[in-house]
Amino acid sequence: MARRIAAGAAYGGGSVGLIGAATVGLVMAEVQLAKRQVGGGKAPVPPSADGRYGVAFAGPSHPLRFVMLGDSTAAGQGVRRAGQTPGALLASGLAAVAERPVDLRNVALPGARSDDLERQVSLVVADPSGVPDVCVIMIGANDVTHRMPATLSVRCLSTAVRRLRTAGAEVVVGTCPDLGTIEPVYQPLRWLARRVSRQLAAAQTIGAVEQGGRTVSLGDLLGPEFEANPRELFGPDNYHPSAEGYATASMAMLPTLCASLGLWPESDRLDGSRHEGMLPVAKAASRAAREAGTEVTAARAPWALLKHRRRRRLPAHTEPVPHEDGGTGTDDGPPRGHGSGATGMTAAFLRRRNNAGD
């Protein structure tokens, strides 16, 4: 199904149906019930995390330019502090690994679907400061909830990746999360949401990898945590991730973000014990959609590398990072120094950064 969606996107095919017509009535009733429960609280406006991270590493080299694109998840909706957004977490981690300052710009829009990527990419490539070194795109959930045709969704994403790669930027895509993990969603909508989410994530992987990007499957990465601690990992609106949820997702994406710039230790040997391997891109995409946190990277067509980069759990408490002015990274103001709210996630990675196995 993912290959059919991707092929339809590439060759101008129409919509590929994912749900049988006989289930529409039941599904719509479940959707209305879920809408009354999901989003019952108010999600705060995403805080702006734009700015420079890692100024302590300032030197002769220019800062890395990093841009976030996508929907409310990329924007960081659901948290109140700039340092809790995925953009800030990733920028802080990238600065620490690269030992260079990182300039973050976030053009993501809450509520955006994949067809908004054209506008977002145009903002990025028209930036007078130059083309970014790397971009992260997180998109797809709104495509599912608004029943956007999957072929159109993948076509928009593929075009965005191609434009950014042509301009000279590395691209990492966090594929559609598993909407079946949202607590108030009941069966059979939960099962259908999981299936549609995974199919779209696999199709996104094919489209992005074929255009030269890398993908990280978010999938049900947070599923066990959501089930065990839903109030902790969901934000006030019961839909968007909380600070801990964003940190967990960012922890999964940071190694791939660094690897795209040649900053992460690479092993010449694929680890069979972790089910890594060289697979046809469609098979790699399907497997990644089932196994959250999996990276898919283009190899010689039509093959792709499937990698499971090891992640380290966040410590129980974050470690404030000193600002340049001697304060700590716990305020609600704009990011300074290493970045407001930089967490122990970076330290956990750096303790192992020279170990190729991690």
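Which of Leu152, Val131, Leu164 sits closest to the plus end of the dipole of region 124-171, meaning its Cα is farthest towards the positive end, when Lys and Arg get +1 and Asp and Glu get -1 on the C-beta? Of the options given, the answer is Leu152.
Computed over region 72-214, the quotient of the alpha carbon radius of gyration and 2.2 N^0.38 Å is 1.08.
A 1.4 Å probe over all protein chains sorts His146, His308, His62 by accessible area into His62, His146, His308, starting with the largest. By its C-alpha gyration tensor, with a ≥ b ≥ c as the square roots of the eigenvalues, how is region 40-126 shaped: rounded for a/c under 1.5, else prolate for a/b larger than b/c, else oblate? It comes out oblate by the Cα gyration axes.
When Met253, Met278 are compared by accessible surface with a 1.4 Å probe, the order from highest to lowest is Met278, Met253. Label-to-label distance for Val131 and Arg290 is 3.7 nm, based on points extended 7 Å past Cα in the beta-carbon direction. Could you work out the percent of alpha carbon pairs in region 104-179 separated by over 15 Å, rounded to a whole number? Of the Cα pairs, 52 percent sit more than 15 Å apart.
The values are calculated or read from the model by the stated rules, or taken from the named source; none is laboratory data. Just so you know, these numbers come straight off a predicted model, no measurement behind them. Positions of Cβ are generated from backbone atoms using ideal geometry, with glycine treated the same way; all protein chains shown enter the neighbour counts. The area values use the complete protein model at the heavy-atom level, side chains included, leaving out ligands, DNA and RNA. Shrake-Rupley method; radii C 1.70, N 1.55, O 1.52, S 1.80 Å.
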